[in-house]
Amino acid sequence: MSIKVRYFSSLKESIGRSEDDLELAGLLTVDLIWRAANPDKALPENCLAAVNMEYVELHSLVKDGDEVAFFPPVTGG
Amino acid sequence: MTIKICAEAFDPWQEIQSYQNSVSAMVGKFGATSIFIGTMRDFNEGDAVKGMTLEHYPGMTEKQLEKIVAEALNRWSVIEVLVVHRVGDILPSEPIVVVAVWTSHRGDAFDASRYIMEALKSKAPFWKKELLKSEAERWVVKNTGGYL
């Protein structure tokens, strides 16, 4: 299945990319998507995740065509 | 209800006035308007700050703000809401955010505007990067404590 992964803010800077396009097989969760895209780097503890622009837990399942995003705590307003 | 993401500097008072004038359905109906305006400071955590860049997640930002406003409409008796948030490069004294809520009575206006602002601070995907007077750059790590 195809998954687009997006990164924002300081996380984007620290990994040096704003997005990845992954082709993966099997039953996948958000944290497995992170590991597939970033095998050498643990997801920073306080980072948040979204699937299709809705907040999710790291154990949430993803499906073909989903957009998964990782980012640090938000600081708007 | 209107949510706007602005890449250019805006005048909050003009935004509020023109929105109020444009919604004919609320003429004569509102008795209270609560307005919150967030403005960029030239200092943070003991350092002089000369500029800031506000990043956001296009699409998700609007989606989360819509959910926040929808929840406010669900909880309180609200006639109209305007949310304007700046993105891009910002200078001190420029407005960052406007939350304006029009209601029949003051209690709903105060409560709904506070809820929207606090939820925005904790859920809407925006991130601030400060440019200090020393030329150093740093990401703001977390917002100051709120009420939620």
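Here are a few things to note about the model shown:
- For the range B:3-101, alpha-carbon Rg relative to the globular expectation (2.2 N^0.38 Å, N residues): 1.20
- Estimated distance in nm for a label pair at B:T39 and A:D20, the labels positioned 7 Å out from Cα along Cα-to-Cβ: 4.4 nm
- Radius of gyration, Dmax [the protein assembly as shown; alpha carbons; angstrom]: 19.2, 61
- Debye intensity ratio I(q)/I(0), log10, the range B:100-148, q values 0.18, 0.22, 0.27 Å⁻¹ (C-alpha model): -0.68, -0.82, -0.98
- Ascending count of other beta-carbon atoms within 10 Å, so fewest first, for B:F43, A:F71: B:F43, A:F71
- Once divided by 2.2 N^0.38 Å, the Cα radius of gyration of chain A becomes 1.01.
- Global form of the range A:35-77, assessed from the alpha-carbon gyration tensor, a/c cut-off 1.5: oblate
- 10 Å Cβ neighbours from other chains, averaged over peptide A:67-75: 6
- From least to most packed, judged by other beta carbons within 10 angstrom and beginning with the fewest, B:W127, B:W76 follow the order B:W76, B:W127.
- Rounded FRET efficiency, nearest 0.05, which uses the C-beta distance separating B:T144 from B:L91 and R0 of 22 Å: 0.60
- Across B:G51, B:G107, B:G59, mean-square fluctuation computed from a Gaussian network of chain B (C-alpha pairs under 10 Å connected) peaks at B:G59.
- Sequence-distant contacts, meaning Cα pairs under 8 Å at least 6 residues apart, place the relative contact order of chain B at 34 percent.
- Cross-link table A:K63/B:K123; B:K63/B:K123; A:K41/B:K50; A:K4/A:K41; B:K50/B:K142; B:K63/B:K128, entries beyond 22 Å C-alpha to C-alpha: A:K63/B:K123; A:K41/B:K50
- For the protein assembly as shown, adding -39500 (n - 2.57) for each run of n ≥ 4 DSSP H residues and dividing by the number of residues yields -8500 deg cm²/dmol at 222 nm.
- If R0 equals 35 Å, the separation of the Cβ atoms of B:D11 and A:L58 corresponds to a calculated FRET efficiency of about 0.25.
- Under the simplified labelling scheme, the B:Q20-B:E66 pair shows an inter-label distance of 2.8 nm, with each label point 7 Å from Cα along Cα→Cβ.
- Note on chain A: with charges restricted to the Cβ of Lys and Arg (+1) and Asp and Glu (-1), its dipole about the Cα centre is near 140 debye.
- Label-to-label distance, nm, for residues given as B:H105 and B:E135 (7 Å Cα→Cβ offset): 5.9 nm
Coordinate-derived values only; no laboratory data. Quick caveat, the model's predicted, so the values are computed rather than measured. In this analysis, Cβ positions are derived from the backbone assuming ideal geometry, glycine residues included, and neighbour counts consider all displayed protein chains.
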